[in-house]
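The values are calculated or read from the model by the stated rules, or taken from the named source; none is laboratory data. In this text, all values refer to a predicted model and were calculated from it rather than measured experimentally. Every residue, glycine among them, receives a Cβ derived from its backbone with ideal geometry; neighbour counts consider all protein chains shown. Keep in mind that these areas ignore ligands, DNA and RNA; they rest on the heavy atoms of the full protein, side chains included. Shrake-Rupley method; radii C 1.70, N 1.55, O 1.52, S 1.80 Å.
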Amino acid sequence: MRAGRAHRLLAGVLAAGALALSVSGCAQSVDPIERLGRKAAHKVEKKVEQRRVSKAVARRWGLHAPLRPAPKPPPRGAVKGAGPGLPPVVDRVPTKDKVVFLTFDDGAERDPRFIDMVRDLRLPVSMFLTDSVAGPGYSHFGELRSVGATVQNHTLDHPYLPGLSYDGQRWEICGQQDKLKQRFGVRPRLFRPPYGNYNANTLRAAADCGVSAVVLWRASMQINDLRYAAGHRLHPGDIVLAHFRGPGELQGASLTEMTARMLRRIQAQGFTVARLEDYL
């Protein structure tokens with residue numbers, strides 16, 4: 001009887017919380033799986049990292065063998081800021097370990113199988129989301145977070161930031177910080193400027209919005225640049241931009257298939273994939 005009353009009480013509290021959220025004026029409903037706070041997201045990442053990937057699972061996703069586990073990351077602080085009070089601008093992480101970092105931009109592609117791939121391969125990926133692109137599919141990225149991916153800032157509307165005033169840039173960056181915090185319960189630490197373009201106002205605005213690092217890229221493995229990607233030699237600490245704009249650019253390849261091709265190239269060069277947030 002006591003357990004039954006406790007369950008009814010808990011259900012009442014949850015229902016009251018849901019009612020409060022529905023009348024609070026939020027423009028979008030938030031799926032509980034999206035609203036993983038910092039501690040919960042960290043627990044998910046640890047659980048994902050602790051699972052071992054079998055050869056059979058790796059082959060299922062087009063790999064000859066599982067990705068090697070990434071080595072223990074060094075203490076943070078090796079990357080220096082761009083100036084007093086400004087975040088660092090990084091296109092690679094200073095390390096001798098044969099690791100690279102896989103990042104995806106915008107949020108246009110929402111391949112359901114990619115969620116399974118990230119979970120099964122324990123693949124540490126960072127998703128830099130633009131609200132005007134990813135907004136209709138934030139629930140998809142909530143599911144990705146639940147299997148170990150991270151969500152970071154790529155502005156509200158994907159503008160050319162140097163063409164905006166400081167206030168305009170601050171609105172773009174802080175606005176997306178607020179959107180992602182509201183949606184997922186965690187304020188992003190990393191920011192990628194659209195097209196990789198920035199100026200002094202960008203860095204000031206990013207600092208004022210709580211960004212700890214501005215992330216560019218060293219290696220490009222874009223769908224529409226496959227020949228360059230195939231011949232590119234990776235280096236320790238490279239941040240890889242895995243840009244995907246639609247299945248028509250590579251004979252109908254999906255995001256999952258594109259990622260499998262990238263992972264095979266990464267493995268062929270003797271590298272593995274590490275989590276960018278562990279190093280910055």
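Each residue in region 50-99 was checked for being β-branched (V, I, T) and farther than 15 Å from P124 by Cβ, and 4 pass.
Among the residues in region 164-176, are any within 21 Å of the chain's Cα centre (by Cα) and either of a type in the set (S, T, Y) or modelled with pLDDT under 95 (or both)? No; the residues of region 164-176 include none that is within 21 Å of the chain's Cα centre (by Cα) and either of a type in the set (S, T, Y) or modelled with pLDDT under 95 (or both).
Can you find a residue that is closer than 20 Å to T150 by Cβ and at pLDDT below 90 anywhere in region 196-206? For region 196-206, residues closer than 20 Å to T150 by Cβ and at pLDDT below 90: absent. Would you confirm, using the coordinates I've provided, whether A108 is open to solvent by 30 Å² or more (accessible area, probe 1.4 Å) and either more than 17 Å from the chain's Cα centre (by Cα) or under 17 Å from A219 (Cα atoms) (or both)? No: the conditions fail for A108.
Checked against the criterion of being out of contact with any helix residue (DSSP H, G or I) (no Cβ under 7 Å at 6 or more places or on another chain) and open to solvent by less than 50 Å² (accessible area, probe 1.4 Å), the candidates T103, T130 yield just one match: T130. Whenever a residue of region 77-101 is closer than 13 Å to L280 by Cβ, its partners that are modelled with pLDDT of 85 or more and among the acidic types (D, E), lying with C-beta atoms within less than 7 angstrom and at least six residues away or across chains, give the pairs R92/D238. For region 92-117, a residue qualifies if it is farther than 28 Å from A56 by Cβ, out of contact with any strand residue (DSSP E or B) (no Cβ under 6 Å at 6 or more places or on another chain) and at pLDDT 90 or above, and the qualifying residues are V93, P94, T95, K96, D106.
Selection of region 117-135 for residues being under 12 Å from G107 (Cβ atoms) and either assigned to a helix (DSSP H, G or I) or of a type in the set (D, E, K, R) (or both) yields D131, S132, V133, A134, G135. Within region 136-170, the set of residues being buried (at least 17 other Cβ atoms within 10 Å of the Cβ), part of a helix (DSSP H, G or I) and free of Cβ contacts under 8 Å to residues at least 60 places away in the same chain comprises H140, L144, L161, Q169, R170.
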